[in-house]
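Worksheet: one structure, shown below.
The values are calculated or read from the model by the stated rules, or taken from the named source; none is laboratory data. Treat the numbers as computed from the prediction; the structure is a model and nothing was measured. Ideal geometry is used to build each Cβ from the backbone, glycine not excepted, and the neighbour counts take in all protein chains shown.
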Amino acid sequence: MSNYFLKCEHCGHLNEMKTSYLVFCGSCGKKMHNNFSNWQMLNPGKSFESYQQEVCVSETQYQAIEADKPKPRKKISNKTWIGILIGISLVIIVGLGTSYVIKEFLFPNLEKYRDGKWTTQTCGTLGLSIDAPIKMKPSDLIEDEIPEESKKYLLSMETYTSSVMNQKLMIMTNSVEYVPEINASLEGAVQGSLNEIKNKPGLSDFQQDVSPLRKGELQGALVTGKYKENNMIIGYRMAMFVKGNAMWQVFVAYDYKDKAGYEISERIINSVSITTDFAMTQPQFNLLATIN
């Protein structure tokens with residue numbers, strides 16, 4: 001005997017017709033006015049079998065509808081995101097922390113970069129570009145830091161860093177495309193990055209402020225703050241954006257005592273441009289890329 005299903009006019013749920021007395025939807029709980037009793041009053045003399053054939057969805061139709069439903073994207077927890085982003089955060093830390101041990105007077109004040117020539121630079125193939133006073137170049141620093149168990153979530157990763165590793169200023173960008181089954185979690189991405197920075201040995205006086213940020217249709221977050229390392233106060237500004245299974249991150253760190261550093265970081269973050277119409281020709285894990 002074939003099964004039939006009654007579609008709820010409120011939520012669209014297909015309720016299996018196990019009895020002619022089915023009235024309330026099993027999903028939303030609302031009364032379905034296309035029930036058999038109401039239909040029979042408009043069609044006196046007709047049978048329950050006629051009602052099933054004329055009003056309900058057959059088992060064959062039901063299976064076809066279920067097969068055509070889009071598969072839900074896999075949501076991963078913040079804990080998993082933290083694991084995926086460990087490598088990104090570690091590279092940020094390595095690039096900054098070790099550089100400040102060199103004496104400060106060896107490097108010029110940041111007015112040189114603030115007032116110098118700025119150019120719009122494309123950082124990889126995943127749609128990210130920024131204005132910067134230093135040339136950005138692909139970096140492979142992240143390669144050894146990505147945990148093996150995290151790589152299975154990645155289709156592509158592009159990391160760029162400022163080519164001049166000035167000990168008073170560092171710029172990094174990172175673009176990541178995850179497997180299609182994963183939806184990017186903005187909260188998880190932000191917390192994963194901040195946790196790694198805060199947990200670095202030798203870092204103290206960590207301060208952060210997180211606020212919402214938008215670029216067109218993209219939902220994002222702006223993180224600003226400072227911390228102390230090697231007796232130097234480091235200011236930072238980080239922007240993160242997500243859409244579907246993609247994430248973009250821009251990170252600027254600077255000498256907190258140098259006023260021009262804040263102005264540079266603000267201008268870079270304000271210049272962020274992201275286009276989301278990129279198309280990957282095939283799954284790939286590109287480590288010769290960029291970070292923020």
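Take the stretch 230-252 and flag every residue that is surrounded by fewer than 20 Cβ atoms within 10 Å (Cβ to Cβ), farther than 17 Å from Glu158 by Cα and touching a Phe, Trp or Tyr at 6+ places or on another chain (Cβ under 7 Å).
Asn230, Met232, Ile233, Gly235
Could you tell me which numbered condition Ser2 fails, if it satisfies all but one of (1) closer than 30 Å to Val179 by Cβ; (2) modelled with pLDDT of 65 or more?
(1)
Of all residues in the stretch 43-64, how many are acidic (Asp, Glu) and closer than 20 Å to Val23 by Cβ?
Going through the stretch 43-64 one residue at a time, the tally reaches 2.
Does Val94 satisfy the condition of being at pLDDT 80 or above and either hydroxyl-bearing (Ser, Thr, Tyr) or surrounded by 14 or more Cβ atoms within 10 Å (Cβ to Cβ) (or both)?
Details: at pLDDT 80 or above: no; either hydroxyl-bearing (Ser, Thr, Tyr) or surrounded by 14 or more Cβ atoms within 10 Å (Cβ to Cβ) (or both): yes.
No, not satisfied.
In this structure, is Asn174 at pLDDT below 75, surrounded by 14 or more Cβ atoms within 10 Å (Cβ to Cβ) and within 20 Å of Gln121 (Cα to Cα)?
Answer is no for this residue.
Kindly provide the set of residues from the stretch 221-265 that are charged (D, E, K, R) and at pLDDT 85 or above, ordered by number. If you could, list the steps in order and put the result at the bottom.
The initial filter retains those residues of the stretch 221-265 that are charged (D, E, K, R), namely 226, 228-229, 237, 243, 255, 257-259, 263.
Across the stretch 221-265, the qualifying residues are Lys226, Arg237, Lys243, Asp255, Lys257, Asp258, Lys259, Glu263.
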